[in-house]
Amino acid sequence: MRLLKHVAALSLLPLLLGVTAQAQSPTYGVGRAPTEVEVRAWDIAISPTGEELPVGSGTVDKGSELYLSKACAGCHGTTGSGGIAPRLVKDDVGPDVDPWRFGRVLPIRSPYATTVWDFINRAMPLGQEGTLTPDEVYSLTAYLLFLNDVIADGTVLDEKSLPLIEMPNRDNWAQVPDWFPRQPRLQGYPY
Amino acid sequence: MSSKQSDRREFLKRSVALASGLGLGAATQPVLGQLPGPEAHQHGTDEIVAYGKRSRFVTSVRIPHGGRHSPDTFGLDFHIAAPLQDSVGVITPSSLHYMGTTRGSFIPDIDPDKHHLMIHGMVDNPLVFTMADLKRMPSVTRLHFIECAGNRSSSRMTTVQETHGMTSCAEWTGVLLSTLLKEAGVHEGADWIVAEGVEEVKGASSLPMTKAMDDCLVCYAMNGEAVRPQQGFPLRLLVPGFEGIFNVKWLRRIKVVDQYYMTYNDYGHLTQDPANAALGYQIGPKSVITYPSGGQQLPGHGFYEVSGLAWSGGGAVSRVEVSTDGGRTWVDAEIRGTAHPMAHTRFTFQWNWDGTECELQSRCTDDVGQVQPSRAQVAEFWNIPAGQPFSVKGQDNSIQPWRVASDGSVHNAIA
């Protein structure tokens, strides 16, 4: 009897500790579980910590070749500016400059290198989205970060090193505020 | 019925016909039995029988917005503004609903039988839904506006379509996102979702879990029929009151995560200014007079029903005031029908124009207490010196002034 009491107490322990060991069960039972292959194919949004990055690597040199061979230069300009598409390189004023001095130049203004990788991967080249291999995306990302003095020539980027890059704006941006229903959009602002 | 009664009825009918024919003949002498009708007719077509069409005399149309043509030379659609100057009531017809895309987009041509929505990430039960699955789930139908962050008036603009046409309101039907998230079982610490579309850019936005669980809708219908392709057919996310870009179209995936992802759409909101970050998220209280508005012409002095739209991303519109003297004095307008949360609300104001030059304005208050500001009030709040050009922080919800000249022409009065 005493033993049974002990067992019961032990089984309650996770609850007392606030651990929810049991999965929430569906109410309606509609829909099915995705396969691992399905999840991997669609799981393309890259977090700042980079856990979705595919295995691969690329270099500045390869990126500079791809920039021409994949026709990036045709829209963004041969030097990363002056084309019909958004500019990709800051004004040539050297390192340690305020990234907010330039317009919306993604590879210098973005707080995370993962955003650069993600956008090239999902949305480039225009009209041929989804055709770049992971290695090509690592190389193009490396080239654009090199052009903006973020990384040195010769840097090899891969799924481990990319999220570790210290972008100049890493901590230099305004976090979006916590959102709660039925609250004014900015405390103290009457409008 | 007996034959005797039937005869009597026939007799009475003839008598009436004869009498009315004689009466009319005496006045206008038409061919006996004919009434005046329309001058022209339209022969029925199978197409119009199947899916109706408006009159050829109704010519109200959308226009490209923001200085870039849609479609562009590649066939990409970018920003298209709704003709608010012709709007009545609060529903924007689906064909006239404004639209925007992340960077200009081809409109996906999706077979709904092959479309899926996947919910995965920090959940107990990752799920894939077909469209048929989603239509089995408990549904809701709600009125909501969507407004583009680029809906910003300036002195260079003439009409209300140019100044405010990047907002629209529809009746949306779908499943509450909270229903789907609860079905999947969200983990502790999962404070964000990333919602993603299937178009070639695969536009994705990060949203706080508090919003996802509050009132977001996964919509398959608008205005009583399937969501239109430009609006995300077969499935779109509706994020009531948030800037347009969060309302992910052609929705195929929701990932439950523990951090802000800084997607490309999120990066578009990037700012150094915490106030700008806060004000570029949930849309503020806003209104505009649609009649009379810029580019319109009043035929002369006398009575007019001034009419306009008011909305807020924070809740329902609780009050609209109108000024006819450039904001010096204000009078309550009438709110027409029920003011729904995060929905366009129609207001009207009975006005006798004396024929002298004047300036019309409207001002909205919402039920969380926010009040629509004038540009001068915004400048004062942020200590911007008078006369210095400035851009309203975040979403521009400032008051739109319309100047009515003594000749009845109506003009944008932003200095």
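For segment B:298-311, the criterion of being in a loop (DSSP other than H, G, I, E, B) and under 21 Å from the mean Cα position of the chain (by Cα) is met by none of the residues.
Here the helices (runs of 4 or more DSSP H) wholly within segment B:178-281 that include at least 1 residues being hydrophobic (A, V, I, L, M, F, W, C) are B:209-214, B:274-279. Taking the criterion of being under 20 Å from residue A:122 (Cα atoms) and in a helix (DSSP H, G or I), the residues of segment A:136-174 that qualify are A:136, A:137, A:138, A:139, A:140, A:141, A:142, A:143, A:144, A:145, A:162, A:163.
Taking the listed residues B:213, B:222, the one that is more than 9 Å from every other protein chain (Cβ to nearest Cβ), closer than 21 Å to residue B:144 by Cβ and crowded, with 24+ Cβ neighbours inside 10 Å is B:222, with no other qualifying.
Among the residues of segment B:345-362, is there at least one that is buried (at least 18 other Cβ atoms within 10 Å of the Cβ), within 14 Å of chain A (Cβ to nearest Cβ) and hydroxyl-bearing (Ser, Thr, Tyr)? Within segment B:345-362, not a single residue is buried (at least 18 other Cβ atoms within 10 Å of the Cβ), within 14 Å of chain A (Cβ to nearest Cβ) and hydroxyl-bearing (Ser, Thr, Tyr). Residue A:119 meets the conditions (1) modelled with pLDDT of 95 or more; (2) more than 13 Å from the chain's Cα centre (by Cα) in every case but one. The failed one is (2). For segment B:99-109, enumerate the residues that are in contact with a helix residue (DSSP H, G or I) (Cβ under 8 Å, 6 or more places away or on another chain) and in a loop (DSSP other than H, G, I, E, B). The answer is B:107, B:108, B:109. Can you find even one residue in segment B:132-141 that is away from chain A (no Cβ under 13 Å), out of contact with any helix residue (DSSP H, G or I) (no Cβ under 7 Å at 6 or more places or on another chain) and more than 24 Å from residue A:129 (Cα to Cα)? Yes, because at least one residue in segment B:132-141 is away from chain A (no Cβ under 13 Å), out of contact with any helix residue (DSSP H, G or I) (no Cβ under 7 Å at 6 or more places or on another chain) and more than 24 Å from residue A:129 (Cα to Cα). The listed residues are B:280, B:314, and the only one of them that is modelled with pLDDT of 95 or more, within 14 Å of chain A (Cβ to nearest Cβ) and under 30 Å from residue B:181 (Cα atoms) turns out to be B:314. Of the candidates A:163, A:99, the single residue that is at pLDDT below 95 and over 30 Å from residue B:363 (Cα atoms) is A:99.
Is it the case that residue A:166 is surrounded by fewer than 17 Cβ atoms within 10 Å (Cβ to Cβ) and either among the charged types (D, E, K, R) or in contact with a His (Cβ under 9 Å, 6 or more places away or on another chain) (or both)?
Numbers: surrounded by fewer than 17 Cβ atoms within 10 Å (Cβ to Cβ): yes; either among the charged types (D, E, K, R) or in contact with a His (Cβ under 9 Å, 6 or more places away or on another chain) (or both): yes.
So residue A:166 passes the test.
Every test in (1) under 24 Å from the mean Cα position of the chain (by Cα); (2) facing chain A (nearest Cβ under 10 Å) is passed by residue B:234 save one, and that test is (2).
One line per residue, one yes/no per condition, for (1) farther than 25 Å from residue B:355 by Cα; (2) over 23 Å from the mean Cα position of the chain (by Cα); (3) of a type in the set (Ser, Thr, Tyr):
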| site | (1), (2), (3) |
| --- | --- |
| B:376 | yes, yes, no |
| B:379 | yes, yes, no |
| B:382 | yes, yes, no |
| B:389 | yes, yes, no |
| B:397 | yes, no, no |
| B:407 | no, yes, no |
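Of all residues in segment B:394-413, those that are farther than 18 Å from residue B:373 by Cα and at pLDDT 95 or above have Cβ atoms under 6 Å from Cβ atoms of residues that are aromatic (Phe, Trp, Tyr) and outside any loop (DSSP other than H, G, I, E, B), 6 or more apart or on another chain, in B:410/B:402. Given (1) within 12 Å of chain A (Cβ to nearest Cβ); (2) touching a residue at least 60 places away in the same chain (Cβ under 8 Å); (3) buried (at least 22 other Cβ atoms within 10 Å of the Cβ), where does residue B:145 come up short, assuming only one miss? So the condition that residue B:145 fails would be (1).
In the set B:377, B:372, only one residue is buried (at least 18 other Cβ atoms within 10 Å of the Cβ), under 27 Å from residue A:187 (Cβ atoms) and outside the structural domain of residue B:152 (by TED's automatic domain parsing); that residue is B:372. Taken together, A:40, A:101 contain a single residue that is among the charged types (D, E, K, R), under 18 Å from residue A:133 (Cβ atoms), more than 8 Å from every other protein chain (Cβ to nearest Cβ) and exposed (fewer than 15 other Cβ atoms within 10 Å of the Cβ), which is A:40.
Mind telling me which of the residues A:171, A:153 ends up being over 11 Å from residue A:63 (Cβ atoms), surrounded by fewer than 18 Cβ atoms within 10 Å (Cβ to Cβ) and out of contact with any Lys or Arg (no Cβ under 8 Å at 6 or more places or on another chain)?
Just a single option satisfies the conditions, and that option is A:171.
Any residue at all in segment B:99-113 that's touching a strand residue (DSSP E or B) at 6+ places or on another chain (Cβ under 7 Å), of a type outside the set (A, V, I, L, M) and away from chain A (no Cβ under 14 Å)? Scanning segment B:99-113 turns up at least one residue that is touching a strand residue (DSSP E or B) at 6+ places or on another chain (Cβ under 7 Å), of a type outside the set (A, V, I, L, M) and away from chain A (no Cβ under 14 Å). For segment A:119-133, taking the residues that are part of a helix (DSSP H, G or I) and touching a Leu at 6+ places or on another chain (Cβ under 9 Å), the one that is nearest to the other protein chains (Cβ to nearest Cβ) is identified as A:119. For segment B:59-104, a residue qualifies if it is of a type in the set (S, T, N, Q) and in contact with a Phe, Trp or Tyr (Cβ under 8 Å, 6 or more places away or on another chain), and the qualifying residues are B:70, B:85, B:92, B:101, B:102.
What about residue B:145, is it modelled with pLDDT of 95 or more, of a type in the set (Phe, Trp, Tyr), in a strand (DSSP E or B) and over 28 Å from the mean Cα position of the chain (by Cα)? Taking the combined requirement at face value, the residue does not satisfy it. Scanning segment B:49-91 for residues that are at pLDDT 95 or above, outside any loop (DSSP other than H, G, I, E, B) and surrounded by 10 or more Cβ atoms within 10 Å (Cβ to Cβ) yields B:63, B:64, B:79, B:80, B:81, B:84, B:85, B:86.
The values are calculated or read from the model by the stated rules, or taken from the named source; none is laboratory data. Note that the structure is a prediction, hence the values are computed from the model and not measured. Counting neighbours? That spans all protein chains shown, and the Cβs are built from the backbone with ideal geometry, glycine included.
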